[in-house]
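K.L.:
Got a structure here, written out as structure tokens. Questions coming.
The values are calculated or read from the model by the stated rules, or taken from the named source; none is laboratory data. Owing to the predicted nature of the structure, the values given are computational and were not obtained by experimental measurement. Note that each Cβ is placed from the backbone with ideal geometry, even for glycine, and that neighbours are counted across all protein chains shown.
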Amino acid sequence: MNDMTNKWIGQRTIRPDGADKVTGRAQYSADFAMPGMIHAKMLRSPHAHARIRGIDTSKAEALPGVKAVVTAKDVVDFPLDKSVMLGIQDMRWMCRNVMAREKALFHGHPVAAVAAINEEVAAAACALIEVDYEVLPHVIEIEDAIKPDAPILHEWNTFEGKPSNIAGTMVLKTGDVEKGFAEADVVIERTFTSRPVHQGYIEPHACTVSYAADGRVTIWSSSQGQFMVRAMTSLLTGVPQSNIRAIPAEIGGGFGAKTIVYLEPIAVLLSKKSGRPVKMVMTREEVQRATGPAPGSLSTVKIGAKKDGSIVAAQGTFYLQAGGLPGSPLRGPVGCSFAAYAIPNVLSVGYDVVSNRSKVAAYRAPGAPLGAFATECVLDEIAEKLGLDPLEMRLKNSAKAGDKAIYGPVFGEVTFKETVESILHHPHYKAPLDKNPAPGVKRGRGVASGFWYNAGGESSVQVNITEDGNVVVTTGHPDVGGSRASIANVVAELLGIDHSRVSVLIGDTMTIGFSNLTGGSRVTFASAMVATASTEKVIGQLKERAGKIWGIDAEAIKWEDGMALPAGDNAGKFPPLSLKELAAKANEMGGPIGTQVQLNTTGADPGFATHCVDVEVDVDLGIVRVLRYTAAQDVGRALHPGYVEGQIQGGVVQGIGWALSEEYLYDKNGRVDNASFLDYRMPVCSDVPMIDPVVIEIPNPKHPQGVRGVGEAPIVPPLAAIANAVHDALGKRFYALPMSPPRVSERLEQP
Amino acid sequence: MSKIHVSTSVNGEPVEFLCDASASMLDALRGPLGLTGTKEGCGTGDCGACSITVDGRLVCACLMLAVESEGHEIATIEGMAQGETLHPLQRKFLEMAALQCGICTPGVLISARALLEKNPDPTEEEVRFGLAGNLCRCTGYDKIVRAVLETAAEMRETVR
């Protein structure tokens with residue numbers, strides 16, 4: 001629903017950072033260099049689980065060309081008995097993740113770092129470091145880690161009074177599930193597993209750091225939040241935040257995983273010790289072994305419904321892999337799985353399970369796809385059993401405005417039904433599908449829905465009018481997928497000027513106020529809100545200036561099409577004053593024109609999505625191909641439709657990879673066996689069809705342009721939608737991901 | 001070990017550089033030649049972010065030794081636009097929002113240009129297989145494929 005009176009909002013404008021990105025000029029984190037710069041490498045644990053009895057770095061330090069060596073004793077220690085939180089991250093775990101302390105907890109865990117005149121010398125020095133390991137038995141899978149006799153990663157952690165690998169729980173409850181299941185006509189309970197998947201950004205982690213003689217630190221790195229880089233680096237190195245200038249490079253993909261640091265604090269310590277700027281760049285193998293991924297899961301979901309399809313009770317138990325240190329995204333499956341539905345009796349429980357894998361990081365709607373995989377597949381099975389259309393069943397059970405969400409708040413608007421209806425009436429859902437197109441080939445169709453909280457939070461912006469009457473907007477959020485383009489549209493619209501006159505850039509931690517992470521589908525929501533408030537203040541200043549020039553009250557002036565005009569005949573007759581004219585007179589009429597707005601934004605209503613997919617299965621080879629995909633989502637308002645569609649399309653294809661081909665494989669020694677883009681199989685261009693986004697725009701009444709978050713919800717439904725489609729094709733349910741050729745073949749051989 | 005002297009041509013300009021025998025073409029481009037538009041996503045030829053052409057042939061710069069460029073014509077993303085005039089593919093990618101983070105974009109553009117030089121009228125399937133060596137994690141490929149098809153149509157129109 002593009003408002004036809006809008007000139008820029010809702011238009012497919014050219015993004016402000018576009019020309020740099022298509023010509024190779026954009027600077028990503030590995031593209032920086034400094035005079036006198038040296039290079040650093042990590043020494044990583046060759047064991048999946050080992051106690052570190054001692055580290056001798058003397059031979060490495062003696063190697064010519066080595067300038068500094070760092071181990072855990074150089075990193076600020078956060079004792080195990082006291083939690084220190086930064087957002088959702090506990091610094092006890094972060095300090096041990098960037099550098100192993102008491103134990104190496106996974107193969108690839110950093111144990112030391114060396115800075116030297118070049119990478120080759122740094123790598124040679126790493127090989128000279130002697131680490132005295134006491135190798136311990138390791139555990140990789142959830143099922144093994146929760147056994148009573150499992151090797152324990154953290155002896156100090158107890159669960160139900162005993163040392164355990166269960167490091168945390170989360171419980172949400174409403175009503176009485178036992179009573180609810182007793183009232184149900186049909187109850188289905190199934191257990192699902194999924195494998196860890198990597199976020200798969202193409203840009204490896206990298207940074208360049210300069211620790212100057214006066215103790216001031218400059219960090220060039222790509223992340224989903226320069227203020228997060230500043231805060232975590234400060235906590236882990238002891239350098240005060242006011243001494244750290246974190247400059248955001250262009251970010252080559254993050255999808256959640258660049259919301260924590262891996263390299264920056266270590267590079268700061270190396271730079272401090274060596275007195276030289278230090279550059280650190282991960283290899284792809286290091287990225288795959290030691291960053292991310294999203295957790296694997298073991299979930300049991302039980303749903304009870306009446307004959308008419310109304311759900312009376314639901315119970316979910318979600319075990320998530322945390323990796324070597326606690327902190328899996330339990331609130332994803334526990335809070336999101338049942339949130340779109342009005343269910344009187346719900347019990348949703350999550351367990352955070354540590355094992356000898358790299359510590360998980362956020363990945364697009366963290367944890368929610370795992371919950372939806374289980375829940376949306378069980379719903380499909382119930383609909384089948386009751387002979388109901390799966391979409392009609394979802395409509396029947398949709399949450400409504402005023403319902404209390406299982407995760408706490410009372411829903412304002414609920415736009416879930418609109419997403420279901422748009423698929424129900426979409427030509428895709430109505431199109432006939434030939435289920436047996438050829439011998440050995442089966443086709444099927446599946447649907448599923450998804451929920452994500454969305455988020456607001458802290459955001460800062462400056463809007464400055466240049467002396468020649470153009471506009472520079474500075475925001476505090478790294479732009480992962482076109483947020484600068486959306487902000488430019490909003491500011492140009494409000495000021496009534498040509499889009500090309502607005503430049504948008506991302507400030508560093510010393511040039512813009514605190515702004516929270518780019519993540520959780522919050523940045524376009526939050527930054528458009530503060531950009532609107534700031535631009536409205538600028539318009540107020542412009543009216544005041546025109547008032548001074550004309551000698552009338554600012555309130556008697558209106559702003560239209562980039563000009564100040566008398567608001568009515570009573571205000572007097574004056575020729576309009578353009579932005580350029582007012583800018584030219586700025587200094588004589590009161591000084592520079594510009595404002596800064598900093599808010600903790602609120603009012604981000606949740607996001608809903610419903611997807612429909614057709615698949616084709618090669619029965620002999622076990623290959624599942626996606627033939628057609630339609631993804632409906634309420635986005636509130638698409639400030640830039642191209643990048644809104646892009647979020648949906650990209651999220652869906654990541655979901656396709658999760659469902660069909662991506663997984664971490666471990667050898668018997670607990671080492672990742674497929675730490676490369678060849679063996680870790682993400683979808684390539686020829687694997688997928690066009691992805692048809694159905695962009696529903698029901699404006700969010702709590703946002704000036706009506707924006708809701710977009711980026712997370714699209715990855716929530718695909719896992720279940722594809723599993724349901726494969727069932728439709730083969731008549732067999734798949735309870736384990738990925739549905740890769742060997743697993744599909746194996747399942748087809750079972751009765 | 002002493003460095004090796006290499007004379008080659010990059011984007012139509014003669015250049016010389018010194019490199020180790022083990023240096024890849026990607027190392028040489030991003031290091032001594034200062035051309036950081038060619039990206040390293042994997043270093044093993046699996047992602048295509050370092051796509052360049054050598055005498056018109058598409059290669060991953062990370063899989064080629066820098067010394068092998070001696071006497072050949074290298075083309076990188078930095079040579080794709082002519083001054084302020086973008087290549088039609090570059091323009092179309094911007095118009096159609098065919099990039100998000102942009103890290104894969106230089107490689108995708110080089111691959112797409114190589115594809116269109118060989119096949120000016122590709123089908124969707126030919127574009128998908130032509131770009132199958134270029135990983136993109138943001139876009140789901142939809143807008144990239146559409147942009148390449150539209151550019152091809154536009155370029156055929158211009159030729160006519």
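K.L.:
Within the stretch A:286-294, is there a residue that is more than 20 Å from residue A:107 (Cα to Cα) and either assigned by TED's automatic domain parsing to the domain that holds residue A:49 or of a type in the set (D, E, K, R) (or both)?
P.N.:
Keep residues of the stretch A:286-294 that are more than 20 Å from residue A:107 (Cα to Cα), which gives none.
The answer is no; no qualifying residue exists.
K.L.:
Now for a different question. Being within 14 Å of another protein chain (Cβ to nearest Cβ) and either of a type outside the set (S, T, N, Q) or not in a helix (DSSP H, G or I) (or both) narrows it down to one residue among A:68, A:33; which is it?
P.N.:
Going through A:68, A:33 in turn, the sole match is A:33.
K.L.:
Filter the stretch A:264-286 for residues that are buried (at least 24 other Cβ atoms within 10 Å of the Cβ) and either assigned to a helix (DSSP H, G or I) or among the hydroxyl-bearing types (Ser, Thr, Tyr) (or both) and give the result.
P.N.:
Selection gives A:264, A:265, A:266, A:267, A:268, A:269, A:270, A:271.
K.L.:
All but one of (1) in contact (Cβ under 8 Å) with a residue 60 or more places away in the chain; (2) part of a helix (DSSP H, G or I); (3) within 12 Å of chain A (Cβ to nearest Cβ) hold for residue B:67, so report the exception by its number.
P.N.:
Among (1) in contact (Cβ under 8 Å) with a residue 60 or more places away in the chain; (2) part of a helix (DSSP H, G or I); (3) within 12 Å of chain A (Cβ to nearest Cβ), the lone unmet condition for residue B:67 is (3).
K.L.:
For the stretch B:96-126, which positions are within 8 Å of chain A (Cβ to nearest Cβ), without any contact (Cβ under 8 Å) to a residue 24 or more places away in the chain and either aliphatic (A, V, I, L, M) or surrounded by fewer than 19 Cβ atoms within 10 Å (Cβ to Cβ) (or both)?
P.N.:
B:125
K.L.:
Hey, could you check the stretch A:123-154 for residues that are small (Gly, Ala, Ser) and touching a helix residue (DSSP H, G or I) at 6+ places or on another chain (Cβ under 9 Å) and say which is surrounded by the fewest Cβ atoms within 10 Å (Cβ to Cβ)?
P.N.:
A:127
K.L.:
How many of the residues making up the stretch B:85-95 are buried (at least 20 other Cβ atoms within 10 Å of the Cβ), more than 7 Å from chain A (Cβ to nearest Cβ) and either at positive phi or not charged (D, E, K, R) (or both)?
P.N.:
2
K.L.:
Something else now. Going by the conditions given, is residue A:704 out of contact with any Asp or Glu (no Cβ under 7 Å at 6 or more places or on another chain), assigned to a loop (DSSP other than H, G, I, E, B), more than 14 Å from chain B (Cβ to nearest Cβ) and in contact (Cβ under 8 Å) with a residue 24 or more places away in the chain?
P.N.:
On the way: out of contact with any Asp or Glu (no Cβ under 7 Å at 6 or more places or on another chain): yes; assigned to a loop (DSSP other than H, G, I, E, B): yes; more than 14 Å from chain B (Cβ to nearest Cβ): yes; in contact (Cβ under 8 Å) with a residue 24 or more places away in the chain: yes.
Yes, satisfied.
K.L.:
Identify all residues within the stretch A:237-258 that are among the hydrophobic types (A, V, I, L, M, F, W, C) and within 14 Å of chain B (Cβ to nearest Cβ); write none if there are none.
P.N.:
The answer is A:249, A:251, A:255, A:257.
K.L.:
Looking at the stretch A:677-684, can you tell me whether even one residue there is assigned to a helix (DSSP H, G or I) and more than 23 Å from residue A:6 (Cβ to Cβ)?
P.N.:
No, the conditions are met nowhere in the stretch A:677-684.
K.L.:
Would you say residue A:521 is small (Gly, Ala, Ser), at pLDDT 95 or above and either within 42 Å of the chain's Cα centre (by Cα) or closer than 24 Å to residue A:648 by Cα (or both)? Steps first, please.
P.N.:
Values: small (Gly, Ala, Ser): yes; at pLDDT 95 or above: no; either within 42 Å of the chain's Cα centre (by Cα) or closer than 24 Å to residue A:648 by Cα (or both): yes.
So residue A:521 fails the test.
K.L.:
Right, something else. For the stretch A:601-615, state whether one or more residues are over 30 Å from residue A:459 (Cβ atoms), touching a residue at least 12 places away in the same chain (Cβ under 8 Å) and of a type in the set (D, E, K, R).
P.N.:
yes
K.L.:
Take residue A:634 and tell me if it is modelled with pLDDT of 95 or more, more than 9 Å from every other protein chain (Cβ to nearest Cβ) and surrounded by 24 or more Cβ atoms within 10 Å (Cβ to Cβ).
P.N.:
Considered against the rule, which asks whether it is modelled with pLDDT of 95 or more, more than 9 Å from every other protein chain (Cβ to nearest Cβ) and surrounded by 24 or more Cβ atoms within 10 Å (Cβ to Cβ), residue A:634 comes out as yes.
K.L.:
If you don't mind, another one. For the condition at pLDDT 95 or above, in contact with a helix residue (DSSP H, G or I) (Cβ under 9 Å, 6 or more places away or on another chain), surrounded by 24 or more Cβ atoms within 10 Å (Cβ to Cβ) and farther than 26 Å from residue A:373 by Cα, what is the one hit in A:640, A:611?
P.N.:
A:640
K.L.:
I'd like to verify a number: residues in the stretch B:127-160 that are surrounded by fewer than 22 Cβ atoms within 10 Å (Cβ to Cβ) and either at the interface with chain A (Cβ under 7 Å from one of its Cβ atoms) or closer than 27 Å to residue B:44 by Cβ (or both), how many?
P.N.:
Within the stretch B:127-160, residues that are surrounded by fewer than 22 Cβ atoms within 10 Å (Cβ to Cβ) and either at the interface with chain A (Cβ under 7 Å from one of its Cβ atoms) or closer than 27 Å to residue B:44 by Cβ (or both) number 4.
K.L.:
Inspect the stretch A:80-94 for any residue being among the small types (Gly, Ala, Ser), in contact with a helix residue (DSSP H, G or I) (Cβ under 6 Å, 6 or more places away or on another chain) and on the phi < 0 side of the Ramachandran plot and give the result as yes or no.
P.N.:
no
K.L.:
Considering each of A:41, A:59 in turn, give the residue that is in the same structural domain as residue A:123 (by TED's automatic domain parsing) and surrounded by 19 or more Cβ atoms within 10 Å (Cβ to Cβ).
P.N.:
When all the criteria are applied, what remains is A:41.
K.L.:
Now a separate question. Considering the stretch B:21-41 alone, what residues qualify as being touching a residue at least 24 places away in the same chain (Cβ under 8 Å) and buried (at least 17 other Cβ atoms within 10 Å of the Cβ)?
P.N.:
Selection gives B:23, B:24, B:25, B:26, B:27, B:28, B:29, B:35, B:37, B:38, B:39, B:41.
K.L.:
Additional query: Restricting the stretch A:571-585 to residues that are at pLDDT below 95 and of a type in the set (Gly, Ala, Ser), which is farthest from residue A:455 (Cα to Cα)?
P.N.:
A:572
K.L.:
Only one of these is among the hydroxyl-bearing types (Ser, Thr, Tyr) and within 30 Å of residue A:347 (Cβ to Cβ): A:299, A:274. Name it.
P.N.:
Criteria check complete, one pass: A:299.
K.L.:
When you scan the stretch A:464-478, how many residues do you find that are farther than 17 Å from residue A:536 by Cα and buried (at least 24 other Cβ atoms within 10 Å of the Cβ)? Please lay out each step first, then the result.
P.N.:
From the stretch A:464-478, those farther than 17 Å from residue A:536 by Cα are A:467-468, A:476-478; that's our starting set.
Still in the list and also buried (at least 24 other Cβ atoms within 10 Å of the Cβ): A:476-478.
Summing the residues that are farther than 17 Å from residue A:536 by Cα and buried (at least 24 other Cβ atoms within 10 Å of the Cβ) in the stretch A:464-478 gives 3.
K.L.:
Taking only pairs six or more apart or across chains, which ones have beta-carbon atoms under 8 Å, a first residue in the stretch A:417-431 that is under 13 Å from residue A:628 (Cα atoms), and a second residue that is of a type in the set (Asp, Glu)?
P.N.:
Close Cβ pairs (under 8 Å, with a partner that is of a type in the set (Asp, Glu)) amount to A:428/A:614; A:428/A:692.
K.L.:
Among the residues that make up the stretch A:174-197, is at least one of them modelled with pLDDT of 95 or more, within 14 Å of chain B (Cβ to nearest Cβ) and out of contact with any strand residue (DSSP E or B) (no Cβ under 9 Å at 6 or more places or on another chain)?
P.N.:
No, because not a single residue in the stretch A:174-197 is modelled with pLDDT of 95 or more, within 14 Å of chain B (Cβ to nearest Cβ) and out of contact with any strand residue (DSSP E or B) (no Cβ under 9 Å at 6 or more places or on another chain).
K.L.:
Which one is surrounded by the most Cβ atoms within 10 Å (Cβ to Cβ) among residues in the stretch B:1-19 that are touching a residue at least 40 places away in the same chain (Cβ under 8 Å) and in a loop (DSSP other than H, G, I, E, B)?
P.N.:
Across the stretch B:1-19, the extreme among qualifying residues is B:11.
K.L.:
Considering each of A:481, A:520, A:450, A:496 in turn, give the residue that is surrounded by fewer than 23 Cβ atoms within 10 Å (Cβ to Cβ) and small (Gly, Ala, Ser).
P.N.:
Numbers: A:481 fails: surrounded by fewer than 23 Cβ atoms within 10 Å (Cβ to Cβ); A:520 fails: surrounded by fewer than 23 Cβ atoms within 10 Å (Cβ to Cβ); A:450 fails: surrounded by fewer than 23 Cβ atoms within 10 Å (Cβ to Cβ).
The unique qualifying residue is A:496.
K.L.:
Search the stretch A:79-99 for residues that are of a type in the set (D, E, K, R) and pair each with any residue that is surrounded by 13 or more Cβ atoms within 10 Å (Cβ to Cβ) when their beta-carbon atoms are under 7 Å apart and the residues are at least 6 apart or on different chains.
P.N.:
A:90/A:84; A:90/A:327; A:92/A:78; A:92/A:80; A:92/A:84; A:96/A:325
K.L.:
Here are some residues: A:664, A:680. Which one is among the hydroxyl-bearing types (Ser, Thr, Tyr), more than 18 Å from the chain's Cα centre (by Cα) and within 14 Å of chain B (Cβ to nearest Cβ)?
P.N.:
A:680
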